[in-house]
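Following: one structure in structure tokens, then a few remarks.
The values are calculated or read from the model by the stated rules, or taken from the named source; none is laboratory data. Since this is a predicted model, take the numbers as computed values, not measurements. With ideal geometry, Cβ positions are generated from the backbone for all residues, glycine too; neighbour counts draw on all protein chains shown. Ligands, DNA and RNA are excluded from the accessible area calculation, which covers all protein heavy atoms including side chains. Shrake-Rupley method; radii C 1.70, N 1.55, O 1.52, S 1.80 Å.
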Amino acid sequence: MGQYILRRLLLAIPTLVVVSILVFSLVRLVPGDVVMARLSESGYVTPEQLAQMRSELGIDRNPVVQYLDWGSGVIRGDFGKSLWDDNEVLPTIVGRMGISMEIAVFAILTAVCIAIPLGVISAVRQNSWVDYVARLFAVTGLSLPDFWIATMLLLFLSVKVHWLPEFGWYRPWEHPWQNFLAIIFPALIVGYRFSAVSARMTRSAMLEVMREDYVRTARAKGLRDRTVVVKHALRNGLIPVITIMGSQVSFLLGGLVVLEQIFSLPGMGRYTYDAVIHRDYTVVQGTVMVMASVYILVNLAIDLTYALIDPRIRYS
Amino acid sequence: MSVAAGQYTAEAEAVEQYERQAARNPWLLLWGRLRKKRLAMLSLAIVLVIYGAGIAAPLLAPYSYTEQNLERGLEGPSADHWLGTDRLGRDMLSRVLYSARTTLIVTVAVVLSGTLILGNFLGLLAGYRGGWIDSLIMRVGDVFASLPGLPMLILLNATLLPRVLQWVGWVEDHTPISGLSSSGTASYFTVFGALALFSWVGTARLIRAQVLQLRERDFILAAQATGGSTWHIIWRHLMPNVSFLIILEVSAVLGSVAGSEILLTWFGVGVQPPNPSFGAMLFEGSGARTFQAHPHLLLVPAAVVTSLMFAFALLGDALNDAVRGR
């Protein structure tokens, strides 16, 4: 097992190197640079001033030198400073990621609490009214884009209820209630979408598993329905559900950008988006590298979870 | 009695004939199964109507999508403007028809290039050839999969759009082709290019996994033994065996690509104004005050988008069931 993890981590290195080259080049291909973005509001600036600022930020050097300089920093855990506001990139990413993670955790909790029971009942009572309601729930969640649900929700709250959640983010340990109000709506919206995807997957996986011989054997032994479903079937039925959940976790880090924008939450997605707008090379590079690493680690974790759930799966 | 027996024989013959045809043409079988699902047929009809409206937009639209009439802005539905007008007095019906055209162009282009050509071909090649070709294709896929989708799409659009505009300008200056910039081709190209770059990985992985099993089968060994070339085997022997997977993948990707185009445009980095897109229409109509005063601005595009997305999801489900024989 240890060897397997090590091999997977080693294989991730070339992927991350290519990701780093790709994002380093792409962000420099965006027309304009951070100096132009910073000075766009300050009126006339002489070409000498522009050149001086570029040289201070080090973005006038040969791109290869810039890449090696930045890359060697990343290896040492130093992601550099933001070109836009001079803040250290890594600590900012950690802070911003906490916000996105908080939403992600709430969303996943919502999804697990709704999707797994719903998917299981839907499969066990196939073609009953519960099944139809569950499938309608899933199709609706899959069809409606996040931003659309968010817009409708805000419209409903402001027009009908005459109340809007407080926009912006509050530290959970200082203002727990405001923090909860700020993140609960985006979390529920994402959670609904996740529940839809996962409930559908749970239903389909359970339908397959319930027809397996070992489930029939368990029933033939005279076990109660609940025991057969929960102890025997669900365990195997969960494998594809975990894959789906895992892929959603990695999506969440960057994919929340739209909801973060709508609800004014300073999460990871918005940090990246603002950095693209500001041509803040170091921040874009840093966030993309961190998100790619999280994706790789989450995938590894999913593969290891399979072995925990299904003892037949062994990695060597 | 004899009549009943005769009926039975006729029915059995019809079933047998159908099965014989189905054995020769599995698509017929699939269509037969799909035709029995009422929801699937309704969804297919919705997709066809919206896509058909997109194709026929220049014929159907009563006005040009850019034609402004500031004196008649923000009007509700009337005999002149069936679905009302927007802030600039542009006809909403024409905007909706042309937005359907945008969705049609982007989804078809992405699905054709990303899913059907790139994803399918790379998946077949990686699975069948194995070795370094497989490793290379799958590692490149890993890189794309590990990149955060939405921020990368925003970055790619920011990078590509000015370059595509430049390139389109060059093409217009140096060739007899004209009207590319004004028709919005550049922003369509950008959105489609960025989406296609990311849409192939899932398909390629799926097809590869299937081909890995298929290539060990006797009929492939036989084809190899008789000297079939790689292209011949991929095209003639593997392709027909993964075609159902491709259908499922296309039905799943269509909805998500349409959603991504709308989202990117809503976010301001997709199809650029004045080219119409549901994303832009939803954005314009979504303020609380705007909605209270002029609900048609939001309800019209929202109704079309919601029906289209529902139709894609239901059709995908039904196709999945039909392929699996449920």
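Some notes on this structure:
- Hits in the stretch A:19-66 (condition: small (Gly, Ala, Ser), loosely packed, with under 15 Cβ neighbours inside 10 Å and closer than 24 Å to B:ARG163 by Cα): A:SER25, A:GLY32, A:SER40
- Flag if A:SER293 is free of Cβ contacts under 8 Å to residues at least 60 places away in the same chain, within 14 Å of chain B (Cβ to nearest Cβ) and of a type in the set (Gly, Ala, Ser): no
- Taking the stretch A:76-91 as the range and being more than 16 Å from A:ILE277 (Cβ to Cβ) and either open to solvent by 50 Å² or more (accessible area, probe 1.4 Å) or part of a helix (DSSP H, G or I) (or both) as the test, the residues that pass are A:ARG76, A:ASP78, A:LYS81, A:ASP86, A:ASN87, A:GLU88, A:VAL89, A:LEU90, A:PRO91.
- Residues (more than 13 Å from chain B (Cβ to nearest Cβ), open to solvent by 60 Å² or more (accessible area, probe 1.4 Å) and more than 17 Å from B:ALA313 (Cα to Cα)) located in the stretch A:130-177: A:GLU166, A:PHE167, A:TRP169, A:ARG171, A:TRP173, A:GLU174, A:HIS175, A:PRO176, A:TRP177
- Residue in the stretch A:43-58 that is of a type in the set (Ser, Thr, Tyr), under 17 Å from A:ALA275 (Cα atoms) and at pLDDT 85 or above present: no
- The stretch B:244-326 holds helices (runs of 4 or more DSSP H) entirely within its bounds, and those carrying 1 or more residues that are closer than 26 Å to B:ARG35 by Cβ and at pLDDT 85 or above map to B:296-323.
Residues are listed down the side, and each one gets a yes or a no for (1) within 23 Å of B:ALA145 (Cβ to Cβ); (2) of a type in the set (Val, Ile, Thr); (3) touching a helix residue (DSSP H, G or I) at 6+ places or on another chain (Cβ under 9 Å):
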residue: B:THR185; (1), (2), (3): no, yes, yes
residue: B:PHE192; (1), (2), (3): yes, no, yes
residue: B:GLY202; (1), (2), (3): yes, no, yes
residue: B:ARG215; (1), (2), (3): no, no, yes
residue: B:ALA223; (1), (2), (3): no, no, yes
residue: B:THR230; (1), (2), (3): no, yes, yes
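- Hey, B:TRP266 within 27 Å of the chain's Cα centre (by Cα), free of Cβ contacts under 8 Å to residues at least 40 places away in the same chain and under 24 Å from A:PHE251 (Cα atoms) or not: yes
- Qualifying residue in the stretch A:222-238 (condition: in contact with a Gly (Cβ under 7 Å, 6 or more places away or on another chain) and open to solvent by less than 40 Å² (accessible area, probe 1.4 Å)): no
- Whichever residue in the stretch B:243-288 is over 23 Å from B:SER113 (Cα atoms) and surrounded by fewer than 20 Cβ atoms within 10 Å (Cβ to Cβ) and, among such residues, is nearest to the other protein chains (Cβ to nearest Cβ): B:ALA288
- Within the stretch B:289-313, being at the interface with chain A (Cβ under 9 Å from one of its Cβ atoms), aliphatic (A, V, I, L, M) and without any contact (Cβ under 8 Å) to a residue 24 or more places away in the chain holds for B:LEU298, B:ALA302.
- Among the candidates B:LEU48, B:LEU59, B:LEU44, residue that is part of a helix (DSSP H, G or I) and either touching a Cys at 6+ places or on another chain (Cβ under 9 Å) or under 30 Å from B:GLU16 (Cα atoms) (or both): B:LEU44
- Of the candidates A:LEU252, A:LEU207, the single residue that is under 28 Å from A:ILE75 (Cβ atoms), open to solvent by less than 20 Å² (accessible area, probe 1.4 Å), within 14 Å of chain B (Cβ to nearest Cβ) and among the aliphatic types (A, V, I, L, M) is A:LEU252.
- Flag for A:TYR271 being open to solvent by 20 Å² or more (accessible area, probe 1.4 Å), within 14 Å of chain B (Cβ to nearest Cβ) and over 21 Å from A:ALA12 (Cβ atoms): yes
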